[in-house]
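*Asks:* First the structure, then my questions, so here it is.
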Amino acid sequence: MSLISDILRYRSISFVGMEKNTGKTETLNYVLSSLYCKNLRIALTSVGVDGEKQDSIFANSKPEITIYPQTTFITAEKLYPLKQITASIQGISDKHTALGRLIKAKAMNKGKVLLAGPSDTTWLKKIIDELLQDNDLCLIDGALSRLSFGSPSITEAMILSTGTALSMSINQIVKKTDFVFRMTLLQPVTKNLTCKLVNIKNGIYVIENNENIIPLPIPSLLMLEKYKDIIFSKGKTLFISGILTDSLIKFILTQPDISKIELIIKDFTKIFSSPANTDLFLQNGGKIKVLTPANLIAITINPIAANGFKLNSTKLIDALSNKINIPVYNVKEMN
């Protein structure tokens, strides 16, 4: 199946780049142009500021976001006047972002826009739900270092962009991308336990018999050293409501019976421990489970680095495909 046919199986898709300049915006532009002829109602917004003309680090040209007639888009009021299209305003939010209120508008012709969307996941989820009342498909353009906005709790599916921005070595690109892919495959806990844990925002908890939830008196994993004697005092299954840190994984690796330890996190985007330590924990029989499983449906590549260095696109795709069992594309080479 093609990238577009896979996308059309869902109603909300997030586009996330592993690093800046991995081709996320190129992928989004390809999808937008491919969907235009399908007579679908498309909605679009972003997390953070995206679609800027120039890369702020390398000062090279960046692909702008091109939208088409009848596309609904949401952006901040300070960016709305910079659009290169005619559009009709459909609504203005009461809440503010750093760039002002959010403006919902509909494009009347083809052109380029700058996007900035909601500042938190709860607001983003609410906006997606509202957009889907009047549209067939909602696309979310992610932003640098905001992988969590590609969270499976936000959109039904995700497309990940990777490439030479990670490394000039194909082997290293594959290694780093494969780690993220494998984390998207983490298995969920039971629905009953998910319902009990999903709204917990702070703290570390012991889970007894997959049911009883016992809070631990540990204010933060940043204070792990002070509380390390009690972390497993009541059980080996822990729910981490925030991020999974390297300090916790390193501590666990010093423990006996690692195979009896199970960590529960909200979703794979909460993993901030290093790939090496995370893999070592899993290889020793430790388990990581999630409240919400991810749905990564495709990977796209950018074989050209910001400094002009270029890898062989076919070799990079083949190397990724041999390791990762989901489709891998270079959208610049697709008709």
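The values are calculated or read from the model by the stated rules, or taken from the named source; none is laboratory data. For clarity, every value in this text was computed on a predicted model and none was experimentally measured. A quick note on method: Cβ atoms are made from the backbone with ideal geometry, for glycine too, and the neighbour counts reach across all protein chains shown.
*Asks:* Of everything in the range 70-86, what is part of a loop (DSSP other than H, G, I, E, B), under 16 Å from Lys110 (Cα atoms) and of a type in the set (A, V, I, L, M)? Give them in sequence order. Steps first, answer last, please.
*Replies:* Quick first cut of the range 70-86, residues part of a loop (DSSP other than H, G, I, E, B) only: 70-71, 77-79, 83-86.
This time we only want the ones that are under 16 Å from Lys110 (Cα atoms), so: 70-71, 83-86.
The one that is part of a loop (DSSP other than H, G, I, E, B), under 16 Å from Lys110 (Cα atoms) and of a type in the set (A, V, I, L, M): Ile85.
*Asks:* Six or more apart or on different chains, Cβ under 6 Å: which pairs go from a residue in the range 24-46 that's closer than 23 Å to Trp123 by Cβ to one that's surrounded by fewer than 21 Cβ atoms within 10 Å (Cβ to Cβ) and at pLDDT below 95? Could you list them?
*Replies:* Filtered contacts from the range 24-46: Thr25/Pro63.
*Asks:* Assuming Cys138 fulfils every condition listed in (1) surrounded by fewer than 18 Cβ atoms within 10 Å (Cβ to Cβ); (2) among the hydrophobic types (A, V, I, L, M, F, W, C); (3) touching a Leu at 6+ places or on another chain (Cβ under 6 Å); (4) under 14 Å from Thr45 (Cα atoms) apart from one, which condition is it?
*Replies:* (1)
*Asks:* Identify the single condition in (1) within 21 Å of Ile297 (Cα to Cα); (2) in a helix (DSSP H, G or I) that Leu166 does not satisfy, given that it satisfies every other one.
*Replies:* So the condition that Leu166 fails would be (2).
*Asks:* Of all residues in the range 221-240, count the ones that are under 22 Å from Phe272 (Cα atoms) and either surrounded by 13 or more Cβ atoms within 10 Å (Cβ to Cβ) or touching a Gly at 6+ places or on another chain (Cβ under 8 Å) (or both).
*Replies:* 11
*Asks:* Does Asn322 fit the bill of being in the same structural domain as Arg9 (by TED's automatic domain parsing) and assigned to a loop (DSSP other than H, G, I, E, B)?
*Replies:* No; evaluated as a whole, the condition is false for this residue.
*Asks:* Taking the options Ile258, Ile288, Ile271, name whichever one is of a type in the set (Val, Ile, Thr), within 20 Å of Gln187 (Cβ to Cβ) and touching an Asp or Glu at 6+ places or on another chain (Cβ under 9 Å).
*Replies:* Ile288
*Asks:* Another question about this same structure. Within the range 211-220, track down each residue that is exposed (fewer than 15 other Cβ atoms within 10 Å of the Cβ) and either among the acidic types (Asp, Glu) or assigned to a loop (DSSP other than H, G, I, E, B) (or both).
*Replies:* Listed by number, the residues that qualify are Glu211, Pro217, Pro219, Ser220.
*Asks:* Okay, moving on. Mind listing whichever residues of the range 193-209 are without any contact (Cβ under 8 Å) to a residue 24 or more places away in the chain and part of a loop (DSSP other than H, G, I, E, B)?
*Replies:* Answer for the range 193-209, where residues must be without any contact (Cβ under 8 Å) to a residue 24 or more places away in the chain and part of a loop (DSSP other than H, G, I, E, B): Asn199, Asn209.
*Asks:* Okay, moving on. The conditions are (1) modelled with pLDDT of 95 or more; (2) within 30 Å of Arg9 (Cα to Cα), and Asn295 fails exactly one of them. Which is it?
*Replies:* (1)
*Asks:* Something else now. Quick one: would you say Ile128 is at pLDDT 90 or above and not polar (S, T, N, Q)? Steps first, answer last, please.
*Replies:* Values: at pLDDT 90 or above: yes; not polar (S, T, N, Q): yes.
Answer is yes for this residue.
*Asks:* If I filter the range 33-69 down to residues being in a strand (DSSP E or B) and modelled with pLDDT under 90, which single residue comes out as surrounded by the most Cβ atoms within 10 Å (Cβ to Cβ)? Don't jump to the end; show me each part of the working.
*Replies:* Keep residues of the range 33-69 that are in a strand (DSSP E or B), which gives 42-46, 49-50, 54, 61, 65-67.
Restricting the remaining residues to those that are modelled with pLDDT under 90 gives 46, 49-50, 54, 61.
Numbers: Ser46: 30, Val49: 20, Asp50: 26, Gln54: 11, Ser61: 9.
Per the criteria, the residue is Ser46.
*Asks:* Something else: Any residue at all in the range 167-177 that's on the phi < 0 side of the Ramachandran plot, surrounded by fewer than 13 Cβ atoms within 10 Å (Cβ to Cβ) and under 22 Å from the mean Cα position of the chain (by Cα)?
*Replies:* Yes, that holds for at least one residue.
*Asks:* When only residues in the range 86-112 that are of a type in the set (Val, Ile, Thr) and modelled with pLDDT of 95 or more count, which is farthest from Lys201 (Cα to Cα)?
*Replies:* Thr86
*Asks:* Do we have any residue at all in the range 261-279 that's in contact with a Pro (Cβ under 9 Å, 6 or more places away or on another chain) and acidic (Asp, Glu)?
*Replies:* Within the range 261-279 (the criterion being in contact with a Pro (Cβ under 9 Å, 6 or more places away or on another chain) and acidic (Asp, Glu)), the answer is yes, since at least one residue qualifies.
*Asks:* Can you name the number of the only condition in (1) within 18 Å of Phe15 (Cβ to Cβ); (2) surrounded by 15 or more Cβ atoms within 10 Å (Cβ to Cβ) that Met334 fails?
*Replies:* (2)
*Asks:* Another question, then. Residue under question is Tyr30, and the condition is that it be under 30 Å from Pro275 (Cβ atoms) and modelled with pLDDT of 95 or more; does it hold?
*Replies:* So Tyr30 passes the test.
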